[in-house]
Structures are given as C-alpha cells and as structure tokens.
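Participant: Right, I'll just put the structure down here and ask away after.
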C-alpha cells in the first residue's frame, strides 16, 4: 500500500460488537499504516468526541442497541458526513435511503476481501479530504 503522509494521519474508526472482527481489522489496518480507533458499539462511538475527527467509518450493520444503519442516519442528522463502509455477516439488500446516501462508500459481506476493503478505504479517505 502506497500511502501519502496526509492519508496516514487520517483516522479510520471501526465500530463492531464482535471483538475478533474489530481486532482483526485493527491489526490489518495498523499494519498498513492507518491511524485506527475502535469501538464495541455505535453508542460508544457516539459518546466519544471522535465522530467530528473521523475520516472514514467502518461499521457492522447488525449490532445490539443501535445498528450500523441507525448510526449512519444519526451521524448524518448531527451533520457528520463521514464516508462509511458497512460490513455485515448478513448480506441482504440495503434500504434504498441508505444505498443512495452520498457518504456510503461500500457495503461488504464478512469476511471482507482485504484488497477490496483497502481500496474502499482509500476512496473514502480521498473523498473526505
């Protein structure tokens, strides 16, 4: 991966209730030079000050409490237009409103193909500049 210094300083947030998925993504992306922050729930992410400083969001869709779709909608309502990559173990169709969102970069089934995920992260980070 060929990152420029601006991209390496940008923050990628991972929101997933599955510890093993969160840790695997964290390890992979850190090894690629990304600055990563992880959260075990949508509420943990919202309760942090990080939405305002996040350049790309990778979120599971199915989570207890607030789903990834609800998180996405809530962030938009708060004025946070974070490029978002959804991941899910249950790849069914996205609701039309979400699929048309200008901040939705991709919708990937778990486990994600590494090259696809990295490509979408680069797209998200360049879009957010």
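The values are calculated or read from the model by the stated rules, or taken from the named source; none is laboratory data. Fair warning: this is a prediction, and the values are worked out from it, not measured in the lab. Because the Cβ atoms are built from the backbone with ideal geometry, glycine has one as well, and the counts that use them run over all protein chains shown.
Participant: Within the bounds of the stretch 93-101, is there any residue that is buried (at least 21 other Cβ atoms within 10 Å of the Cβ) and either outside any loop (DSSP other than H, G, I, E, B) or at negative phi (or both)?
Facilitator: No, there is no match, as no residue in the stretch 93-101 is buried (at least 21 other Cβ atoms within 10 Å of the Cβ) and either outside any loop (DSSP other than H, G, I, E, B) or at negative phi (or both).
Participant: So, in the stretch 2-23, of the ones that are part of a loop (DSSP other than H, G, I, E, B) and exposed (fewer than 11 other Cβ atoms within 10 Å of the Cβ), which residue ends up modelled with the highest pLDDT?
Facilitator: 4
Participant: Of all the residues that make up the stretch 105-120, how many are in contact with a strand residue (DSSP E or B) (Cβ under 6 Å, 6 or more places away or on another chain) and assigned to a helix (DSSP H, G or I)?
Facilitator: Residues that pass the stated criteria total 1.
Participant: Does at least one position in the stretch 56-63 carry a residue that is at pLDDT 95 or above and out of contact with any strand residue (DSSP E or B) (no Cβ under 8 Å at 6 or more places or on another chain)?
Facilitator: no
Participant: If you go through the stretch 113-128, how many residues are without any contact (Cβ under 8 Å) to a residue 40 or more places away in the chain and over 24 Å from residue 74 (Cα atoms)?
Facilitator: Going through the stretch 113-128 one residue at a time, the tally reaches 4.
Participant: Kindly provide the set of residues from the stretch 29-49 that are within 16 Å of residue 10 (Cβ to Cβ) and either in contact (Cβ under 8 Å) with a residue 60 or more places away in the chain or surrounded by fewer than 17 Cβ atoms within 10 Å (Cβ to Cβ) (or both), ordered by number.
Facilitator: The answer is 29, 30, 32, 33, 34, 35, 37.
Okay, residues lined up against (1) at pLDDT below 85; (2) in contact with a helix residue (DSSP H, G or I) (Cβ under 9 Å, 6 or more places away or on another chain); (3) within 22 Å of residue 10 (Cα to Cα):
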site	(1), (2), (3)
71	no, yes, yes
84	no, yes, yes
91	yes, no, no
95	yes, yes, no
100	yes, no, no
116	no, no, yes
123	no, no, yes
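Participant: Mind checking which residues of the stretch 51-75 are in a helix (DSSP H, G or I) and surrounded by fewer than 17 Cβ atoms within 10 Å (Cβ to Cβ)?
Facilitator: Answer for the stretch 51-75, where residues must be in a helix (DSSP H, G or I) and surrounded by fewer than 17 Cβ atoms within 10 Å (Cβ to Cβ): 52, 53, 70, 73, 74.
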